[in-house]
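K.L.:
Here it is, the structure in full.
The values are calculated or read from the model by the stated rules, or taken from the named source; none is laboratory data. Nothing here was measured: the structure is a model prediction, and the numbers come from that model. Neighbour counts are summed over all protein chains in view; Cβ atoms, including those assigned to glycine, are modelled from backbone coordinates with ideal geometry.
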Amino acid sequence: MMTELEQLLEAFTPRGAQEISDMQIFKRAATDPSALTRDALAHFTASAIVLNPQHDKILGIFHKIYQSWGWLGGHADGDGDLLAVARREVEEESGLTELKILSDAPISIEDLTVAGHVHRTRGYVSAHLHLNVTFLFEADDTALLRQNKAETGGIAWIPIDEFVEKSTEPEMKIIYQKIISRIGEWHG
């Protein structure tokens, strides 16, 4: 019997060379329960692209570790329900609790390298891989935001056409552009 994570991956249709290649890694990792924990060198994370109701802004946070603006999200930490992980991370990082899930299916997947860094509570963390699954949500952009100051250096609604340029990470610019293009197709 397939796990919830295996079912999620089975239902996702990868698009393009990056996702086709990454899906092979994801499916192998999904059979290893340790991949849902930070103990594994390659472990699962979930991210959220949160759109406002007009779908012309994305909620972004300034990531202290990466020193860049980007999406919200975090580690599975043992939870195979990555949609729930993404939702929980949005709530923790923004204070928003009224979230509309725009699709139960991921909008993208990506195998992301994470350079070694000093974590605020864990100390030095060696380089590793995030097997990231990204979901699409909607929230009221007039609702009160609460910045998680322990993890982020800012939170803001960013015009969708400015989101990619706000990132200072070249590899993430590619991922964000891919997702924004899919949002445009999704609306089409």
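K.L.:
Does region 8-32 hold any residues that are more than 30 Å from Ile160 (Cα to Cα) and not in a helix (DSSP H, G or I), and which are they?
P.N.:
Ala30, Thr31, Asp32
K.L.:
To continue, here is another question. Residues that are among the acidic types (Asp, Glu), in contact with a helix residue (DSSP H, G or I) (Cβ under 9 Å, 6 or more places away or on another chain) and part of a loop (DSSP other than H, G, I, E, B): does region 33-42 have at least one?
P.N.:
Step one: of region 33-42, the residues among the acidic types (Asp, Glu) are 39.
From what's left, in contact with a helix residue (DSSP H, G or I) (Cβ under 9 Å, 6 or more places away or on another chain): none.
Checking region 33-42: not a single residue is among the acidic types (Asp, Glu), in contact with a helix residue (DSSP H, G or I) (Cβ under 9 Å, 6 or more places away or on another chain) and part of a loop (DSSP other than H, G, I, E, B).
K.L.:
Let me confirm something: among Leu41, Leu83, Leu8, Leu51, which residue is touching a residue at least 40 places away in the same chain (Cβ under 8 Å), more than 28 Å from Pro159 (Cα to Cα) and buried (at least 17 other Cβ atoms within 10 Å of the Cβ)? Spell out how you get there, then give the answer.
P.N.:
Values: Leu41 fails: buried (at least 17 other Cβ atoms within 10 Å of the Cβ); Leu83 fails: more than 28 Å from Pro159 (Cα to Cα); Leu51 fails: more than 28 Å from Pro159 (Cα to Cα).
Criteria check complete, one pass: Leu8.
K.L.:
If you don't mind, another one. Consider Asp22 carefully, then state whether it is in contact (Cβ under 8 Å) with a residue 12 or more places away in the chain and touching a helix residue (DSSP H, G or I) at 6+ places or on another chain (Cβ under 8 Å). Let's see the steps before the verdict.
P.N.:
Values: in contact (Cβ under 8 Å) with a residue 12 or more places away in the chain: yes; touching a helix residue (DSSP H, G or I) at 6+ places or on another chain (Cβ under 8 Å): no.
No: the conditions fail for Asp22.
K.L.:
Here is a follow-up. Just one of the numbered conditions (1) within 21 Å of Ile183 (Cα to Cα); (2) of a type outside the set (Gly, Ala, Ser); (3) surrounded by fewer than 16 Cβ atoms within 10 Å (Cβ to Cβ) is not true of Ile65; which one?
P.N.:
Status for Ile65: all satisfied but (1).
K.L.:
Could I ask something else about it? State yes or no: is Lys27 out of contact with any strand residue (DSSP E or B) (no Cβ under 9 Å at 6 or more places or on another chain) and basic (Lys, Arg)?
P.N.:
Details: out of contact with any strand residue (DSSP E or B) (no Cβ under 9 Å at 6 or more places or on another chain): yes; basic (Lys, Arg): yes.
When the stated conditions are applied, Lys27 passes them.
K.L.:
Just need a number here: residues in region 114-151 that are hydroxyl-bearing (Ser, Thr, Tyr), without any contact (Cβ under 8 Å) to a residue 40 or more places away in the chain and assigned to a strand (DSSP E or B).
P.N.:
1
K.L.:
Would you be able to tell me the number of residues in region 50-67 that are outside any loop (DSSP other than H, G, I, E, B), modelled with pLDDT of 95 or more and not hydrophobic (A, V, I, L, M, F, W, C)? Don't jump to the end; show me each part of the working.
P.N.:
Going through region 50-67, the residues outside any loop (DSSP other than H, G, I, E, B) turn out to be 50-51, 57-63.
With the extra rule that they be modelled with pLDDT of 95 or more, the set shrinks to 50-51, 57-62.
From the residues that got through so far, the ones that are not hydrophobic (A, V, I, L, M, F, W, C) too are 57, 60.
Of the residues in that region, 2 qualify.
K.L.:
Pull up region 158-188, narrow it to residues that are touching a residue at least 40 places away in the same chain (Cβ under 8 Å) and in a loop (DSSP other than H, G, I, E, B), then point me to the one that is surrounded by the most Cβ atoms within 10 Å (Cβ to Cβ).
P.N.:
Ser167
K.L.:
OK, next. Is there a residue being surrounded by fewer than 17 Cβ atoms within 10 Å (Cβ to Cβ), out of contact with any Gly (no Cβ under 8 Å at 6 or more places or on another chain) and on the phi > 0 side of the Ramachandran plot anywhere in region 19-35?
P.N.:
For region 19-35, residues surrounded by fewer than 17 Cβ atoms within 10 Å (Cβ to Cβ), out of contact with any Gly (no Cβ under 8 Å at 6 or more places or on another chain) and on the phi > 0 side of the Ramachandran plot: absent.
K.L.:
Output the residue which, of all residues in region 101-113 that are surrounded by fewer than 20 Cβ atoms within 10 Å (Cβ to Cβ), hydrophobic (A, V, I, L, M, F, W, C) and in a strand (DSSP E or B), is nearest to the chain's Cα centre (by Cα).
P.N.:
Leu112
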